[in-house]
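Colleague: Here it is, the structure, as structure tokens.
Derivation of every value follows stated rules applied to the coordinates shown; laboratory data play no part. Since we're looking at a predicted model, the values are computed, not measured. Note: ideal-geometry Cβ built from the backbone for every residue, glycine included; neighbour counts use all protein chains shown.
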Amino acid sequence: MIRACDLKQREVINVANAERLGYIYDVDVDFETGKINSIIIPNKSGMLGMFGKKNDYVVPWDRIVAIGPEIVLVRLDGLDIVRQF
């Protein structure tokens, strides 16, 4: 079993195209069940985050392929799978 706090600062890589998405900085947890709903990765928009609106990517838990000690592999086949808020 993995705890939500153990996921923070792990790099996320999309296995569909080998793209580095960034590092997990938060998780969405269902407090009633204790299950993790999704991982949240900051979007690198604009130059040094200074220009444009910064949206965070929310990757659903069912898109996670594997969790290693330093890396989380996800399968994202299209941009419609990753929500922004």
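Colleague: Once you put a point 7 Å from the Cα of residue 30 and another 7 Å from the Cα of residue 70, both along the Cβ direction, what distance in nm separates them?
Modeller: Here the answer is 3.4 nm between the modelled labels.
Colleague: Which of 7, 18, 42 sits closest to the plus end of the dipole of the stretch 1-45, meaning its Cα is farthest towards the positive end, when Lys and Arg get +1 and Asp and Glu get -1 on the C-beta?
Modeller: My answer, from the dipole projection, is 18.
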